[in-house]
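Everything below concerns the one structure shown next.
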Amino acid sequence: DQQVKQNSPSLSVQEGRISILNCDYTNSMFDYFLWYKKYPAEGPTFLISISSIKDKNEDGRFTVFLNKSAKHLSLHIVPSQPGDSAVYFCAASGSGTYKYIFGTGTRLKVLA
Amino acid sequence: DTAVSQTPKYLVTQMGNDKSIKCEQNLGHDTMYWYKQDSKKFLKIMFSYNNKELIINETVPNRFSPKSPDKAHLNLHINSLELGDSAVYFCASSQRPSGSGETQYFGPGTRLLVL
């Protein structure tokens, strides 16, 4: 049973436009969410996170939105740049569980 | 200066062999993890150690045995390798056990291919 789902395996966006990556979760006990970016042959690197007490967190070109009632979060990248081309994983955790549950990733391709 | 390093990066071996993957972090973190990313790209937690004590042991075959000689190292030993063990194995670390508010930092991965 996959508790964190990224239903779009891939996404292509023109440079300068907005990229929106989506993530759904099923466990209402999750209270912390993160996005990781992964380039080929490298490990995932932390991008941005959000606590369940917030509905938005912004860091430069990256904004994460959390809709708890819909159990949905999204990552907005604006403007998108070719260097943003990577696989993006969302992850979730519940307090005291000591682990993150990862989605299967969305491959973003930003076209120059 | 690599924060989380793994050796080897690539490992090709025959079925039935025993192999080890090493992980070291120089971040001063208390908690380390092993993940497996299979061919379907699922990134699944296998084990976690906090201050050299096992705190997460997911449903993993007994052939997999983690060992943490100190807080900076977490090694993974795999006995009697099987074809299905072929995957990318990632080590990660965090300041404290992951839950609310702790970010995990990942190593570059070890690509294991069992023939």
Boolean, A:S52 is closer than 24 Å to B:F90 by Cβ and among the polar types (S, T, N, Q): no
Qualifying positions in the stretch A:67-100 - within 14 Å of chain B (Cβ to nearest Cβ), under 15 Å from A:C23 (Cβ atoms) and buried (at least 21 other Cβ atoms within 10 Å of the Cβ): A:Y88, A:F89, A:C90, A:A91, A:A92, A:S93, A:Y100
Strands (runs of 3 or more DSSP E) completely within the stretch A:1-64 that count 2 or more residues being within 10 Å of chain B (Cβ to nearest Cβ), over 17 Å from B:K40 (Cα atoms) and among the charged types (D, E, K, R): none
Filtered residue count, the stretch B:25-45, keeping only those that are open to solvent by 70 Å² or more (accessible area, probe 1.4 Å) and either touching a Leu at 6+ places or on another chain (Cβ under 9 Å) or at the interface with chain A (Cβ under 8 Å from one of its Cβ atoms) (or both): 3
Hits in the stretch B:61-76 - residues which are closer than 16 Å to B:A92 by Cβ, open to solvent by 20 Å² or more (accessible area, probe 1.4 Å) and either in a loop (DSSP other than H, G, I, E, B) or touching a residue at least 40 places away in the same chain (Cβ under 8 Å) (or both): B:K71, B:A72, B:H73, B:N75
So B:Y49, is it under 15 Å from A:G43 (Cβ atoms), among the aromatic types (F, W, Y) and within 13 Å of chain A (Cβ to nearest Cβ): no
For B:F90: the one exception among (1) more than 10 Å from every other protein chain (Cβ to nearest Cβ); (2) at pLDDT 95 or above; (3) within 18 Å of A:I101 (Cβ to Cβ): (1)
Out of B:S48, B:S20, sole residue that is buried (at least 16 other Cβ atoms within 10 Å of the Cβ) and either at pLDDT below 90 or small (G, A, S) (or both): B:S48
Yes/no for B:K9 being within 14 Å of another protein chain (Cβ to nearest Cβ), farther than 26 Å from A:S95 by Cβ, free of Cβ contacts under 8 Å to residues at least 24 places away in the same chain and out of contact with any helix residue (DSSP H, G or I) (no Cβ under 8 Å at 6 or more places or on another chain): no
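The values are calculated or read from the model by the stated rules, or taken from the named source; none is laboratory data. Quick caveat, the model's predicted, so the values are computed rather than measured. Backbone-built Cβ (ideal geometry, glycine too); neighbour counts: all protein chains shown. The protein model used for the area step is the full one, side chains on, heavy atoms only, and it has no ligands, DNA or RNA in it. Shrake-Rupley method; radii C 1.70, N 1.55, O 1.52, S 1.80 Å.
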